[in-house]
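One structure is given below, encoded as structure tokens.
Any read-out appearing in this document is the output of simple, stated calculations on the displayed coordinates, not a laboratory observation. This is a predicted model, so every value here is computed, not measured. As a convention, Cβ positions derive from the backbone with ideal geometry for all residues, glycine included, and neighbour counts pool all protein chains shown.
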Amino acid sequence: MRGKKKAAVVGAGYVGLATAAVLSETCHVTLVDTDREKVRQINEGRCPIKDADLEEYFESHWNALRAICDGREVYAESDFVLIAVPTDLDPDRGSFRVSIVEAVISDICEAVRSAGRKTAPVIVIRSTVPVGFTSAMRHEISERYPDMKACFLVSPEFLREGTALRDMRNPSRIVLGTAKVEEVEEAEKKALEFVELLRGGMQDPGNVRVMILCEREAEAAKLFSNTYLAMRAAFFNELDTYAEALGLCSESLNRAVSADPRIGSFYNNPSFGYGGSCLPKDSRELLSEFQREGIPQSLIGAIVKSNMVRKDYVAGRILKMAGDRPVGIYRLTSKKASGNFRQSAVWDIMRMLREAGCAYIVYEPDFPEGGKTSFQLMRDFDRFQKACGVIAANRKGEELKDTELCVYTRDLYEEN
Ligand code: NAD
């Protein structure tokens, strides 16, 4: 174990946990999270999120990860600090809140200064940040701490919730953004060192594609990737809207279009709207970037708008099907394999039903015990189906196979 690098991973969510698990093959890893319950679970060897591979990792790597609530205990001693904290969308401004990332970077530099050190650990930003954020932080830190040497890397993550660890172990690419200023060589050296540490935890390390870009390109690559995925989801949703509205078979149309190898039979399963914690916020942020910079666009705005048009349409269909019967909302998750309710399309559908005066009941067995709700929640499926007249399901599930109620869903392929 001697000679291993020390890494702190800040934020024990999907990105942080998967990053920590991969790095634990080559480094001593400490997870830092302000959520005491998560910290406790990790230290007891339990996975705090729903992800089959991560759960299996926790079973097979008992004690490989330790977690603490205050990173200032470990920052000064770390070789790398990876930041994977939330950057949620501020709905009023239509762009990311970066205050948590900023606060973590300040804590790192303060801890280094307090320890009387001149060199900060390499700071790797894994959170999705606005374009220009990393270089702005680098400038700010060099002004606030003129005697401190700090190297920043931005390394956006492309994993999917539900398969977080599998995706991190088998990445389509590792994208790294480095400063294109006087310290470029140093930053690239650190970037390659970081890649080697990651490779040690990958399934096929020899075949991983590494792409070193400038910071702004790396930041933009993440936003454009997710906006492309949102566009594809929106396209197949509108194809489905078209088919349903005209009484055509959506699946036949979808299959005939997807059979073209240039289009492909993947990521083409319609839903109530694209959701999850990344696609809606990242496409919205990219639109704000175009607007801020005064760059002409019409597609990016259409991708954002299309999702609301789709949800409006779906809510209309549900209302028509329900008549005066209460609607049962089957699950709040946007993906089958994930336990994440954030930004799932059903939240907007529920709001639209409420605004139309329609009663609804939610079935979500994984809703946190004691969690506050503004709606009627049921965890027992039999009670749920007795209480509602029709069911709306963004994604199908086992329980729906035997129900006698009408089920409205657009889930053609029973995939995520
Ligand atoms: P998450 O919400 O699952 O986890 C974030 C964690 O950070 C939480 O456990 C929270 O308690 C913790 N946290 C909050 N404030 C903190 C603080 N001040 N100090 C320490 N910990 C703190 O988030 P996530 O889904 O892993 O996303 C993290 C970042 O990565 C975001 O910017 C997101 O856009 C990006 N990202 C997410 C995914 C994804 O599929 N979820 C994929 C790629 C990139």
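Rank Cys388, Cys69, Cys406 by mean-square fluctuation in a GNM of the chain with C-alpha springs under 10 angstrom and give only the top-ranked residue.
Largest GNM mean-square fluctuation: Cys406.
Inverting the mean 1/r over all pairs of different Cα atoms, compute the Kirkwood radius of the chain and quote it in Å. Mind showing how you got there, number by number?
On the way: mean 1/r = 0.0435 Å⁻¹.
With all distinct Cα pairs of the chain included, I get 23.0 Å.
Could you give the angle, 0 to 90 degrees to the nearest 10, between helix 14-23's Cα long axis and the longest principal axis of the Cα atoms of the chain?
40
Along the principal axes of its C-alpha atoms, what lengths does segment 5-208 span, in descending order and rounded to whole Å?
Principal axes ranked by extent give 45, 40, 38 Å for the Cα atoms.
Report ³J(HN,Hα) in whole Hz for each residue of segment 47-58, in order, from the Karplus equation J = 6.51 cos²θ - 1.76 cosθ + 1.60 where θ = phi - 60°; Gly and Pro get x.
6, x, 10, 8, 6, 4, 5, 5, 4, 5, 4, 4
Arranged by the count of other C-beta atoms within 10 angstrom, fewest first, what order do Asp382, Asp147, Asp282 take?
Values: Asp382 10, Asp147 7, Asp282 24.
In increasing order of surrounding Cβ atoms, one gets Asp147, Asp382, Asp282.
Given a Förster distance of 30 Å, report the FRET efficiency between Leu405 and Phe266 from their Cβ-Cβ distance, rounded to the nearest 0.05.
Details: r = 31 Å, r/R0 = 1.05.
E(calc), rounded to 0.05, equals 0.45.
Rounded to the nearest 10 degrees, what's the angle between the helix 99-114 long axis and the longest principal axis of the chain, both from Cα atoms, 0 to 90?
On a 0 to 90 degree scale, this one is about 20.
Extension gain Glu73-Glu140, at 0.36 nm per residue separation less the Cα-Cα distance, in nm? All intermediate terms of the calculation are to be shown ahead of the outcome.
Working: separation 67, 0.36 × 67 = 24.12 nm, distance 2.34 nm.
So the chain would gain 21.8 nm between Glu73 and Glu140.
Could you list Val154, Val304 so that the one with the fewest beta carbons within 10 Å of its beta carbon is first and the one with the most is last?
On the way: Val154 31, Val304 20.
Fewest-to-most ranking of Val154, Val304: Val304, Val154.
Regarding segment 264-331, what are the three Cα extents along the principal axes, ordered largest first, in Å?
49, 28, 20
Rounded to two decimals, what is Rg over Rh for segment 361-416 when you use alpha-carbon atoms and the Kirkwood radius?
0.97
What is the calculated FRET efficiency for Glu398 to Glu293, with r their C-beta to C-beta distance and R₀ = 45 Å, to the nearest 0.05? Could you put the intermediate results ahead of the total?
Numbers: r = 48 Å, r/R0 = 1.06.
Taking R0 as 45 Å, the efficiency between Glu398 and Glu293 is 0.40.
Whose amide H sits under 5 Å from the amide H of Lys4, counting only residues 5 or more places off or on another chain, with H placed in the peptide plane?
Residues meeting the amide H criterion: none.
Applying 1/(1 + (r/R0)^6) with R0 = 22 Å to the Cβ-Cβ distance of Lys118 and Lys180, what FRET efficiency is obtained, to the nearest 0.05?
Working: r = 24 Å, r/R0 = 1.08.
Computed FRET efficiency for Lys118 and Lys180 comes out at 0.40.
If you add up the charges near Arg209, with Lys and Arg at +1 and Asp and Glu at -1, over every other residue whose beta carbon is less than 12 angstrom from its beta carbon, what do you get?
Working: positive: Arg173, Arg199; negative: Asp204.
Spelling it out: positives minus negatives among the neighbours equals +1.
Taking each pair of distinct Cα atoms in segment 261-408 once, what is the resulting Kirkwood hydrodynamic radius in Å? Present the calculation step by step, with values, prior to reporting the outcome.
On the way: mean 1/r = 0.0599 Å⁻¹.
Evaluated on segment 261-408, it is 16.7 Å.
Give me the one-decimal nm value for the distance between modelled label points at Cys249 and Arg93, 7 Å along each residue's Cα-to-Cβ direction.
If labels sit at Cys249 and Arg93, their model points lie 5.1 nm apart.
Please identify every one of the trypsin sites (Lys or Arg not before Pro) in segment 312-391 that sits in a loop by DSSP and has no more than 15 other beta carbons within 10 Å of its own beta carbon.
Working: sites: Arg317, Lys320, Arg331, Lys335, Lys336, Arg342, Arg351, Arg354, Lys372, Arg379, Arg383, Lys386; in loops: Arg331, Lys335, Lys336, Arg342, Lys372, Arg379.
For trypsin sites (Lys or Arg not before Pro) across segment 312-391 that sit outside H, G, I, E and B with at most 15 neighbouring Cβ atoms in 10 Å, the list reads Lys336, Lys372, Arg379.
Straight-line reach only, C-alpha to C-alpha below 25 angstrom: list the lysines that Lys149 could link to, leaving out same-chain residues fewer than 8 apart.
Within the straight-line limit of under 25 Å, Lys149 reaches these lysines: Lys4, Lys5, Lys6, Lys118, Lys180, Lys189, Lys190.
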